[in-house]
Amino acid sequence: MSNDKPDDNGFPWGIGVFDAHCHPTDTMASMDDIPRMKATTLTVMSTRADDQDLVFQSAKKLADDPNSKKGDADRILPCFGWHPWFSHQLIDDTAANAKPESIGQEADNLSADDVKKAHYSRVLKPPPDDDFVATLPPPKPLSQLLSETRSRLEAFPHALVGEVGLDRAFRLPQPWTPEEKESRNGAMTPGSREGRKLSPHQVRPEHQKAVLEAQLRLAGEMQRPVSVHSVQGHGGVVEVFKSIWKGHEKKVASRRERKRRGSHAEAHTGSNAEDTNGANASGNEEKKPFPFPPRICMHSYSGPPEALSQFIHPSNPSTLYFSFSSVINFSHHSDRSVEVIKALPDDRVLVESDLHIAGNEMDDKLEEVTRQICEIRGWELNQGVQQLADNWKRFAFGEAGVDSLS
């Protein structure tokens, strides 16, 4: 950022504006626009087989380009994860009860085609017929995805895990027709719906949960923040969070203890990934990986205000943030989103575009949602932009990020 002066529209881009969740690699031609954008950093998600390497290479290109201007290498914060819309494409080979023999036959007798058919029959509801299965890719072992994701995270020490999550509303698209293939937009990265009609098939919630939990545990192992998608699945998301938090909850002091101590700052003690810096729950010095990420962002959060207490309860060892976009929160869930934004603590709010294309449109959406949130919370514009910038830095890099990136 060059200065703190506002642009002609009175918007203080110079303070720093950070997109907490977006998908510009869905339109690769737009990636060259990123260095010219007003936004400071884009938190760029991957979702499926088709875009993992695109996110990786896009971030690497900016980081390695000798002609890049100062700060261009920080324009992209890459994120590596597998979205629930594509979770059926993963076969869970990470658990004892998820080996091929659980499909109902001896593993040695299964052909690749048998495994594929049995897998999709098991994870999709209603079970698809053979013609539909034939249009789906061979399932990828979840263990392979985790190994590849670990390697990508190691290549980018500040990279996040995302986009991951649960979606109870999603239905798989129908296979491409010849006419649709002929007329599809070649500028779009393959793999998404692209306007196709929807089939009746959904991914079973228990399979989505298994894929989500495995990626959250990887994020915990590597102490990386996570961006989480949740549609009609907030209860299930909380259930998965609680399963990985179990045994690591913070001790919450009673009202009587807080009064005796005379300090609210001392109210919460116990195990926390950021507070203990790797010490285990018993307080031993030996460092062990945590099974949960240090920070989690609920992206384009659409849940009710009443659910917030489960996410931001003081006993939770992960710190929860909530990001909001104009395209989701102020078109489909406006009244509810306003209530949630008003109810959240100042330091847990983030902004995002959730767009599939970089450039002016993304900047415009970021400015729009930032102004909306500032108005809802009663923040003066410069104050709000600074608060949102500090929040993103804490989410992405922890407490040290605010000072180091200011």
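The values are calculated or read from the model by the stated rules, or taken from the named source; none is laboratory data. Since the model is a prediction, treat every value here as computed from it, not as a measurement. Positions of Cβ are generated from backbone atoms using ideal geometry, with glycine treated the same way; all protein chains shown enter the neighbour counts. Remember, those area values only see protein heavy atoms, side chains included, never the ligands or the DNA or RNA. Shrake-Rupley method; radii C 1.70, N 1.55, O 1.52, S 1.80 Å.
A few points about this structure:
- The one condition in (1) out of contact with any helix residue (DSSP H, G or I) (no Cβ under 7 Å at 6 or more places or on another chain); (2) not in a helix (DSSP H, G or I) that residue 395 fails to fulfil: (2)
- Among the residues of the range 297-318, those identified as in contact with a strand residue (DSSP E or B) (Cβ under 8 Å, 6 or more places away or on another chain) and at pLDDT below 95 are 302, 303.
- When the range 212-242 is limited to residues that are in contact with an Asp or Glu (Cβ under 7 Å, 6 or more places away or on another chain) and open to solvent by less than 10 Å² (accessible area, probe 1.4 Å), the one that is nearest to residue 159 (Cα to Cα) turns out to be 227.
- Test result for residue 247, modelled with pLDDT under 95, more than 25 Å from residue 119 (Cβ to Cβ) and not in a helix (DSSP H, G or I): no
- Of all residues making up the range 301-335, the number that are over 24 Å from residue 240 (Cα atoms) and charged (D, E, K, R): 1
- Considering the range 198-210, the residues that are part of a helix (DSSP H, G or I) and of a type in the set (D, E, K, R) include one that is least open to solvent (accessible area, probe 1.4 Å), namely 209.
- Matching residues in the range 12-61 - criterion: being surrounded by fewer than 23 Cβ atoms within 10 Å (Cβ to Cβ) and touching a Cys at 6+ places or on another chain (Cβ under 8 Å): none
- Note on the range 328-376: residues that are modelled with pLDDT under 95, assigned to a loop (DSSP other than H, G, I, E, B) and either touching a helix residue (DSSP H, G or I) at 6+ places or on another chain (Cβ under 8 Å) or surrounded by fewer than 16 Cβ atoms within 10 Å (Cβ to Cβ) (or both) amount to 3.
- Residue satisfying all of: in the range 37-59; without any contact (Cβ under 8 Å) to a residue 40 or more places away in the chain and not β-branched (Val, Ile, Thr); farthest from residue 91 (Cα to Cα) among these: 58
- Looking across 213, 148, one residue alone is charged (D, E, K, R), outside any loop (DSSP other than H, G, I, E, B) and without any contact (Cβ under 8 Å) to a residue 40 or more places away in the chain. It is 213.
- Annotation note: of 356, 332, the sole residue that is under 30 Å from residue 185 (Cα atoms), of a type outside the set (S, T, N, Q) and under 17 Å from the mean Cα position of the chain (by Cα) is 356.
- When residue 383 is tested against (1) surrounded by fewer than 16 Cβ atoms within 10 Å (Cβ to Cβ); (2) modelled with pLDDT under 95; (3) in a helix (DSSP H, G or I), exactly one condition is not met: (2).
- Evaluation of residue 284 against the conditions (1) loosely packed, with under 13 Cβ neighbours inside 10 Å; (2) modelled with pLDDT of 95 or more; (3) outside any helix (DSSP H, G or I) shows that the sole unmet condition is (2).
- Checked against the criterion of being surrounded by 13 or more Cβ atoms within 10 Å (Cβ to Cβ) and on the phi > 0 side of the Ramachandran plot, the candidates 191, 195 yield just one match: 191.
- Extreme residue, nearest to residue 205 (Cα to Cα), among residues of the range 123-140 that are assigned to a helix (DSSP H, G or I) and either touching a residue at least 40 places away in the same chain (Cβ under 8 Å) or open to solvent by 70 Å² or more (accessible area, probe 1.4 Å) (or both): 123
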